[in-house]
Amino acid sequence: MLSSLVPKALRITDLRRFLGGQLTSLLGDAMVSVAMVFAILDLTGSPTALGVVAAARTLAVLTTMLAGGVVADRFSRRRVMLISDVARGGVQAAVAVLLLTGHAHVWELAVLQAGYGCATAMFVPAVTGLLPEIAGEHLQQANALRGQADSIAFLIGPALAGVLVTVASPGWVFTVDALSFAVSVAQLSRLRPIAPAPPRTASVLRDFGEGWTEFRSRPWLLTYVGTAALNNMLFPVFMILGPVVLGRGRYGPLVWSVLLVAGGVGALLGGSLAARISPQYPARMASALMVLFPLPLLGLAAHLPVPALIVVTVVADAAITVSNILWITLQQRHIDAAVLSRTNSFLEFGCLAARPIGQSATGPIAAAAGVGPTLWVAGVVQCGVAAVALALPTTRDLPAEPRDRVDAT
């Protein structure tokens, strides 16, 4: 009876090991999402400085993401992920030392977070390619479980960070994050990937070209990347101005943490739903859910009370989680494993390319136009993006499985 309640994907030993390591490192990341905000605000009191540090990390991801896809398709994806986690743990340990000793400067944090971004750019394409090797036929369920691990982390992490920042300092949160990467390294070391390491080709440029050809030949990927890029450009408005609106006063870190925890609850619910649904046209459903994305932005702009903000954040994060899981599973099912990491790197690059604009411009725009108008405009534009995504024909008729695979069965 109880065994029937356990997702079939969790019966895979390597997947359990992978998820255990991911949950631990994601918990550290979720804590840092709070600690970084208040570390920089303590140093400068400036939302613009916060945007600069965030932009440094994102720009580093962008400049190395395409190389990360080539590396992940040429070498062992597990090894690439191990090296990435070792590097990220080292970066967070260095940030912890700077903050705890009182020697931190914004430029140092920006440089270190750029290093963190480079390591992340190696990790993301590799993990996208590794998960189908581990999960097999339970791929969407495995993606949902990974999403739930992320949700659990962001459910617990911000609350822990809010308490730790309040009673101690942000530096201790970075110490915890550095240790969490050590746990992830230990778990990844125990994996036995089903597929062998991909063979090396004669030319890196040829690998790059193959990935680009695969990416641009799929109109549904281009549609997704375009809408996701605009959403990503607007998302920093919430992450930067949210703490400014809600984080004033002695208990500011706890108030902002509660809202992030609400997002974790929504994402957890969304992951649970994604593990149980099998839409015939996943891209159609994923695009429709984008309508709910801007609810927290609009709630902040409308000065909703905290309980109402919690509700709309839960709904929005549930929608985001289901949508993302459907998109990533489509990518893994429709694209050949040998070129999957390279194709994913182009997708990630396109999705994130506009985010530094939002991260760098949010502070200055809010200072010039006001926090309220900035929130309203961002929310309304995000609603428009969702409407465009629903109107585009390239995603509506994309089946869950490639048509040639369906015909073969």
Worksheet item: Would you call VAL6 surrounded by fewer than 23 Cβ atoms within 10 Å (Cβ to Cβ) and at pLDDT 90 or above?
Response: no
Fill in: Sole residue being in contact with a Leu (Cβ under 7 Å, 6 or more places away or on another chain), hydrophobic (A, V, I, L, M, F, W, C) and more than 29 Å from ALA114 (Cβ to Cβ), chosen from ALA318, ALA308, ALA354, ALA366
ALA318
Worksheet item: Do we have any residue at all in segment 328-344 that's surrounded by fewer than 18 Cβ atoms within 10 Å (Cβ to Cβ), of a type in the set (A, V, I, L, M) and farther than 30 Å from PHE75 by Cβ?
Response: no
Discussion item. Out of the helices (runs of 4 or more DSSP H) lying entirely within segment 279-386, which hold 1 or more residues that are over 22 Å from THR120 (Cβ atoms)?
Written reply: 282-289, 295-301, 306-334, 355-369
Worksheet item: Within segment 354-375, is there a residue that is buried (at least 16 other Cβ atoms within 10 Å of the Cβ), within 30 Å of GLN141 (Cβ to Cβ), in contact with a helix residue (DSSP H, G or I) (Cβ under 7 Å, 6 or more places away or on another chain) and at pLDDT below 85?
Response: yes
Fill in: Sole exception among (1) outside any helix (DSSP H, G or I); (2) modelled with pLDDT of 85 or more for ARG250, by number
(2)
Worksheet item: Can you tell me which residues in segment 284-334 are among the polar types (S, T, N, Q) and closer than 18 Å to ALA144 by Cβ?
Response: THR321, SER323, ASN324, THR329, GLN331, GLN332
Worksheet item: In segment 293-312, what residues are closer than 18 Å to LEU375 by Cβ and surrounded by fewer than 18 Cβ atoms within 10 Å (Cβ to Cβ)?
Response: ALA302, HIS303, LEU304, PRO305, VAL306, ALA308, VAL311
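The values are calculated or read from the model by the stated rules, or taken from the named source; none is laboratory data. Small disclaimer: the values here were computed from a predicted structure and weren't measured. Please note: Cβ atoms are built from the backbone with ideal geometry, for glycine as well, and neighbour counts cover all protein chains shown.
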